[in-house]
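Structure, as structure tokens:
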Amino acid sequence: MAPSNNLPNYTDFDSLLQVFETFTNCYKNNVLFHYKIPDGGTSRVPEYKTLTYSQVDTITTHLANIWKPMIPPDTSCVAVFNDNPIQATLALFAILKLGLITFPLSPHHTKDVLTHLLIESNTGFFITSKENVTKAIDSVNAVAQQQQQQQRERIAQNDNKRTPVIMDIKIWDQFDDIMEQLLLDTTMSPSNPIHDDSNNHISSYNRLIISAQHDVDSTTTVVYAITSGSTSTTYPKLIHWSTQSIMYMVLEMNIKSLIREGKDDPNFIMQSTDVMIIIATSFLAGASLGELFTVFSVGGSVVLLDDLSKLHPHDFLEVSEMFQVSLMLAPPSFLERLAEYLKTLPGNNWTIVSKTLQRVKYCFYGGLPLQIEIGDYLQSKGLNVRTHYGATETCIMSQANVSRENKNWYKIHPTPELMHYATFEPFDNDMFHLVIHSNFPSLAKNVANRPNGNYATRDLFIKDSPRYWTYVGRMDDIMNLKSGVLVNPIPLETELCKEEIIKKCVIVVHQVIRKVNKTGHYEAAISIPEMIYILPFGKQLPMTAKGAISRKKTNQEFNQEIEQMYTNFIRINQR
């Protein structure tokens, strides 16, 4: 692979469609996707099929032609309510060809949340799977009912200044019906994938291929992402991703930073011969979308797997060996399950498993910290786990040094390029708060939360050396006690979870703690047994989409139990 100065610049692209066309032309015969056939075969091993870049281009053009006459006029956004990764990904590329915004939605959203998001995004076309069609219909009906009610209220108040247009959202749920026909003439046998190694050199990009679309602004929204809103709202917040924000992450923060770090070492850089496995609860969200376009930009392949909750570590290892996986993205929750599974394997199974794990150049994880003990164990077994850091508002911004010899796998080391756009502000003692400057190319355009246009992430770090930083939590997690002491509960929660009998735990502070402060001098301690509540069998702590415990929802859902716990504690200590 040639040096990074032979790569395109993120400014070369005006739209994601241009990105798609450019790299499809470069790598048309390379395998893009390995995907599982739903309910395929009767054997224990699932059946997989393969699509090249050119075949994906053909299929998505056909899809775009099917959808175009169905989409209501003035539609700007198409929502994808489908957790089948191959169908959702094909939908993304087809929507790009229609020049519309893609909005990936999770089947885990409630009807109320879906209704809110459909209205906020001004969705006009709703692509859903058969499994999700009932919830989709209910949400679309709720949108109509809500807007009709608002219209009646305006009429009753003689408010004729602005008559809202009732959204006409069309639902399409025929993916399962036409998928087989779409693939009939374009799929290849997985045993004979086409792979053109002649495209392995960056020089094949040839800047002449890039046909600029001057009527398109690279800062125009192309994908909607969502993140939790402020504490004052229960609804997720819409985040606007542009071609610029995505391609700056892909080319500058991912590909070029690894090339500069690795200095032509193939164990650092991504190549067209690489195969990535992406394990995610929502394939078109966050880091998953970023890694998809990263692999796409070097001509590599992606293995598409089902929902995280359905994936067993044994199946992951089998698929990884089948496709010779060399890159990986997975959440900490899956890596924890993988470590537990590896500990149960008999010694005679380790030859193949060790080879499979060591073939992976690096396995990125993010969203949540990974316990040091689990990361060290996976490293000892050959899996090179490496943290990366980002946010929905900023895309991926930094990662760990990916060299196996570097033991700082859980620490990010921001590049000089990032530090032009970021500041670590002193917060408390040895903690620093990361602030992203308003001119950061990957910063979403609607997220500034400071008067100067900067974005305060509320993420806290500890500086371990001039270039290494360790993520320690969020400002939202910090407990400000009456004594003035700031306490971060995350390290204590992590320590507690090392005990075999504790799977998950969360430390909460209730309003009743003010009464506790009157009875004595308490700072950061756990009183046993009065201050511990063990959930009944079958009851679980509320989790976020990333797999973290939601401290806010825990306080709400277990408010009665928490209040009773503190009341008992006060009563005992006042005797």
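The values are calculated or read from the model by the stated rules, or taken from the named source; none is laboratory data. Just so we're clear, the structure is a prediction, and the values are computed from it rather than from any experiment. All Cβ positions, even for glycine, are placed from backbone atoms using ideal geometry, and neighbour counts span all protein chains on display. Each accessible area value is taken on the protein alone, full model and side chains, heavy atoms only, with ligands, DNA and RNA left out. Shrake-Rupley method; radii C 1.70, N 1.55, O 1.52, S 1.80 Å.
Among the residues of the stretch 356-370, which ones are more than 16 Å from residue 317 (Cα to Cα) and aromatic (Phe, Trp, Tyr)? Explain how you work it out, then say what you get.
If we filter the stretch 356-370 for residues that are more than 16 Å from residue 317 (Cα to Cα), which is where we start, we get 364-370.
Matches in the stretch 356-370: 364, 365.
Given the condition in a helix (DSSP H, G or I), open to solvent by 50 Å² or more (accessible area, probe 1.4 Å) and closer than 29 Å to residue 239 by Cα, answer yes or no: does some residue in the stretch 11-27 qualify?
Keep residues of the stretch 11-27 that are in a helix (DSSP H, G or I), which gives 11-12, 16-26.
Adding the requirement that they be open to solvent by 50 Å² or more (accessible area, probe 1.4 Å) leaves 11, 21, 25.
Restricting the remaining residues to those that are closer than 29 Å to residue 239 by Cα gives 11, 21.
Yes, the conditions are met somewhere in the stretch 11-27.
Evaluate the following for residue 488: is it closer than 22 Å to residue 555 by Cβ, at pLDDT below 70, of a type outside the set (A, V, I, L, M, F, W, C) and crowded, with 16+ Cβ neighbours inside 10 Å?
It is true that residue 488 is closer than 22 Å to residue 555 by Cβ, at pLDDT below 70, of a type outside the set (A, V, I, L, M, F, W, C) and crowded, with 16+ Cβ neighbours inside 10 Å.
Can you tell me which residues in the stretch 263-308 are in a helix (DSSP H, G or I) and under 15 Å from the mean Cα position of the chain (by Cα)?
Answer for the stretch 263-308, where residues must be in a helix (DSSP H, G or I) and under 15 Å from the mean Cα position of the chain (by Cα): 286, 287, 288, 289, 290, 291, 292, 293, 294, 308.
Anything in the stretch 298-351 that is among the charged types (D, E, K, R) and in contact (Cβ under 8 Å) with a residue 60 or more places away in the chain? List them, or say none.
Just the residues of the stretch 298-351 that are among the charged types (D, E, K, R), to begin with: 306-307, 310, 315, 318, 321, 336-337, 340, 343.
Across the stretch 298-351, the qualifying residues are 306, 307, 315, 318.
Those residues that are touching a helix residue (DSSP H, G or I) at 6+ places or on another chain (Cβ under 9 Å) and open to solvent by 20 Å² or more (accessible area, probe 1.4 Å), I need them from the stretch 354-372; list them, please.
If the condition is that a residue be touching a helix residue (DSSP H, G or I) at 6+ places or on another chain (Cβ under 9 Å) and open to solvent by 20 Å² or more (accessible area, probe 1.4 Å), then 355, 359, 366, 367, 368, 369, 371, 372 are the ones that fit.
Is it the case, given these coordinates, that residue 394 is farther than 23 Å from residue 267 by Cα and either touching a Gly at 6+ places or on another chain (Cβ under 7 Å) or open to solvent by less than 20 Å² (accessible area, probe 1.4 Å) (or both)?
yes
Would you point out the residue of the stretch 60-72, among those that are of a type in the set (A, V, I, L, M, F, W, C) and open to solvent by 20 Å² or more (accessible area, probe 1.4 Å), that is farthest from residue 237 (Cα to Cα)?
That would be 66.
If you go through the stretch 405-424 one residue at a time, do you hit one that is in a strand (DSSP E or B), open to solvent by 20 Å² or more (accessible area, probe 1.4 Å) and not basic (Lys, Arg)?
Checked against the condition, which is being in a strand (DSSP E or B), open to solvent by 20 Å² or more (accessible area, probe 1.4 Å) and not basic (Lys, Arg), the stretch 405-424 yields at least one hit.
For the stretch 250-292, give me each residue that is out of contact with any Lys or Arg (no Cβ under 9 Å at 6 or more places or on another chain) and among the charged types (D, E, K, R).
Correct list: 252, 256, 260, 261, 263, 264, 265, 291.
Hey, could you check the stretch 309-342 for residues that are in a loop (DSSP other than H, G, I, E, B) and among the small types (Gly, Ala, Ser) and say which is modelled with the highest pLDDT? Outline the logic, then answer.
Pass one, the stretch 309-342, residues in a loop (DSSP other than H, G, I, E, B): 311-312, 324-326, 330-331.
Right, trim to among the small types (Gly, Ala, Ser) and you get 326, 330.
Details: 326: 96, 330: 92.
Only one residue tops the list, namely 326.
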